[in-house]
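The values are calculated or read from the model by the stated rules, or taken from the named source; none is laboratory data. Treat the numbers as computed from the prediction; the structure is a model and nothing was measured. With ideal geometry, Cβ positions are generated from the backbone for all residues, glycine too; neighbour counts draw on all protein chains shown.
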C-alpha cells in the first residue's frame with residue numbers, strides 16, 4: 001500500500017480517520033539518530049507506527065522499533081505529542097489519516113540493525129547530517145524537538 005504525506009497543503013484530501021501512533025528517537029552511544037527509509041513514500045523517518053488494540057503507547061514503540069529496525073529498546077520519556085490537523089497521510093486504499101503521534105525517546109537494549117519489509121535502508125545518522133536527508137518536515141520537527149530538549153538539559157533520562 002502506498003502513502004502520500006501532506007502538510008499545510010490546500011490540495012490535500014480531507015481526513016477520514018485518526019489513528020494513535022508513536023515514533024521513536026533512538027540514539028546510539030555516538031549521539032547518532034536511528035532513521036529508516038520508508039518503502040511506502042521513500043522518505044527517511046523515525047521508526048514508529050500505529051497503536052494496536054490492547055497495546056500501550058510504550059508497547060507500540062517497542063514493537064514498531066523491533067519490527068522496523070531489529071533493535072530492542074526501552075522507552076524513556078515523551079519528547080512531544082504531534083496532532084496537527086494540517087498533516088495528513090493519504091493511503092492508496094482511500095484512508096486519509098490526521099496526524100496524532102506521541103514521540104518517545106528510547107534507549108537501546110540490544111538487537112541487530114536490520115532492514116524490514118517497511119524499509120529500504122536503516123541506519124544511524126549524526127544530527128548534523130539529518131538536514132541532508134529527504135524527510136517530511138513533521139518528522140524533522142520531532143528530531144529538532146528532541147535535540148532542542150537535549151541542548152536545554154531537559155533530557156529526563158540523564
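Of the residues that make up the range 33-53, is at least one free of Cβ contacts under 8 Å to residues at least 40 places away in the same chain, more than 24 Å from residue 154 (Cα to Cα), in a loop (DSSP other than H, G, I, E, B) and touching a helix residue (DSSP H, G or I) at 6+ places or on another chain (Cβ under 9 Å)? Yes, the conditions are met somewhere in the range 33-53. Per the conditions (1) touching a strand residue (DSSP E or B) at 6+ places or on another chain (Cβ under 9 Å); (2) exposed (fewer than 14 other Cβ atoms within 10 Å of the Cβ); (3) over 15 Å from residue 5 (Cβ atoms), the sole criterion not satisfied by residue 85 is (3).
Report yes if residue 71 is farther than 21 Å from residue 129 by Cα, surrounded by 15 or more Cβ atoms within 10 Å (Cβ to Cβ) and touching a helix residue (DSSP H, G or I) at 6+ places or on another chain (Cβ under 9 Å), otherwise no. Full working, then the answer.
Numbers: farther than 21 Å from residue 129 by Cα: yes; surrounded by 15 or more Cβ atoms within 10 Å (Cβ to Cβ): yes; touching a helix residue (DSSP H, G or I) at 6+ places or on another chain (Cβ under 9 Å): yes.
Yes; evaluated as a whole, the condition is true for this residue.
The single residue among 55, 64 that is modelled with pLDDT of 95 or more and out of contact with any strand residue (DSSP E or B) (no Cβ under 6 Å at 6 or more places or on another chain) turns out to be 55. Annotation: of all residues in the range 35-52 being surrounded by fewer than 19 Cβ atoms within 10 Å (Cβ to Cβ) and closer than 15 Å to residue 19 by Cα, the one that is modelled with the lowest pLDDT is 50.
Among (1) more than 22 Å from residue 71 (Cα to Cα); (2) touching a residue at least 40 places away in the same chain (Cβ under 8 Å), which single condition is residue 132 missing? Here residue 132 clears every test but (2).
So which residues in the range 6-32 are part of a strand (DSSP E or B) and either within 28 Å of residue 76 (Cα to Cα) or free of Cβ contacts under 8 Å to residues at least 40 places away in the same chain (or both), if there are any at all?
Of the residues in the range 6-32, the ones part of a strand (DSSP E or B) are 6-7, 17-18, 21-27.
Across the range 6-32, the qualifying residues are 18, 21, 22, 23, 24, 25, 26, 27.
Filtered by the rule that a residue be more than 15 Å from residue 116 (Cβ to Cβ) and not in a helix (DSSP H, G or I), the range 54-72 gives 54, 55, 56. When residues in the range 54-68 are screened for being surrounded by 15 or more Cβ atoms within 10 Å (Cβ to Cβ) and more than 19 Å from residue 35 (Cα to Cα), 2 of them pass. Scanning the range 102-133 for residues that are touching a strand residue (DSSP E or B) at 6+ places or on another chain (Cβ under 6 Å), within 29 Å of residue 9 (Cα to Cα), surrounded by fewer than 15 Cβ atoms within 10 Å (Cβ to Cβ) and modelled with pLDDT of 95 or more yields one hit, 121.
Return yes or no: is residue 23 in contact with a helix residue (DSSP H, G or I) (Cβ under 8 Å, 6 or more places away or on another chain), surrounded by 15 or more Cβ atoms within 10 Å (Cβ to Cβ) and at pLDDT below 95? Taking the combined requirement at face value, the residue does not satisfy it.
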